[in-house]
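Student: Handing you a structure now.
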Amino acid sequence: ESIDNEKLQKKTLQDISEMQSMLDSTLSFARDDASTEAKTIVDLATLIKSICDDETDSGNLSEYSGPEHLNYNCRPIAMRRVMNNIIGNAIKYAGEVYVSLASKGNNILIEVSDNGSGIPDAQLERVFSPFYRIEASRNSETGGTGLGLTVARTIVRAHGGEIILKNSNKEMDNGLRVSISLPVL
């Protein structure tokens, strides 16, 4: 903050922020925070709607469809992290996001769809690998740390669920659909 050159100061503060984010992600992944948080009943619909509302308030197109309320026994901070990551990725790479929530039988289904260019089919599974990024730049604004989807899958699986990526949404004929299935216990 004591740098006189305003442009250099802004760039330096941005670099420090990016390094802090990378360090936080790496440490969180190493500690596996998701498995140590206590489970509690959470209104999953309200949690998802609040994230969508935050995106809308930030000027992004974010739509939610589903029940007004849907209680689920989960690790709330971890589940918020999953949804923030998945919804945030859709906004970052596509500019808009459509989120649906439904309870079907013994499962809760969450689908996050966007209208972006999707992910090459050969990389749909690989993007879940730690530190793997499709976008090769070191800029966290475009590439992140390569841990978001790894952590999201780890959290979803710790809840007994699964997360799957698919290209080409039927509704939009392009983009990516992230499907999360969580068991109701």
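The values are calculated or read from the model by the stated rules, or taken from the named source; none is laboratory data. What you are looking at is a predicted structure, and each value in this text was computed from that prediction instead of being measured. Every residue, glycine as well, gets a Cβ built from its backbone with ideal geometry; the counts of neighbours run over all protein chains shown. We work out accessible area using only protein heavy atoms, side chains counted, and drop any ligands, DNA or RNA first. Shrake-Rupley method; radii C 1.70, N 1.55, O 1.52, S 1.80 Å.
Student: Would you rank Arg81, Arg177, Arg157 by solvent-accessible area, highest first, keeping every protein chain in place and using a 1.4 Å probe?
Tutor: Result of the area sort, largest leading: Arg157, Arg81, Arg177.
Student: Next question. Using modelled amide H (1.01 Å from N, peptide plane; none on Pro or chain starts), what sits under 5 Å from the amide H of Tyr64, excluding residues fewer than 5 places away?
Tutor: Hits under the 5 Å cutoff: Val99.
Student: Next question. So what are the ³J(HN,Hα) numbers for the stretch 81-95, from phi and the Karplus equation (6.51, -1.76, 1.60; θ = phi - 60°), rounded to whole Hz, Gly and Pro as x?
Tutor: Each residue of the stretch 81-95 in turn: 4, 4, 5, 4, 5, 5, 5, x, 4, 4, 5, 4, 9, 10, x Hz.
Student: Kindly rank 150-156, 52-58 from highest to lowest mean number of other beta carbons found within 10 Å of each residue. Mind dumping the intermediate values first?
Tutor: On the way: 150-156: 22.1, 52-58: 14.9.
Put in order of decreasing packing, that is 150-156, 52-58.
Student: What list of ³J(HN,Hα) values in whole Hz, one per residue of the stretch 45-52 in order, does the Karplus curve 6.51 cos²θ - 1.76 cosθ + 1.60 (θ = phi - 60°) give from phi, with Gly and Pro shown as x?
Tutor: 4, 5, 4, 5, 4, 5, 5, 4
Student: Related question: Which order do peptides 4-11, 68-75, 86-93 fall in by mean Cβ count within 10 Å, highest first?
Tutor: Packing order, densest peptide first, comes out as 86-93, 68-75, 4-11.
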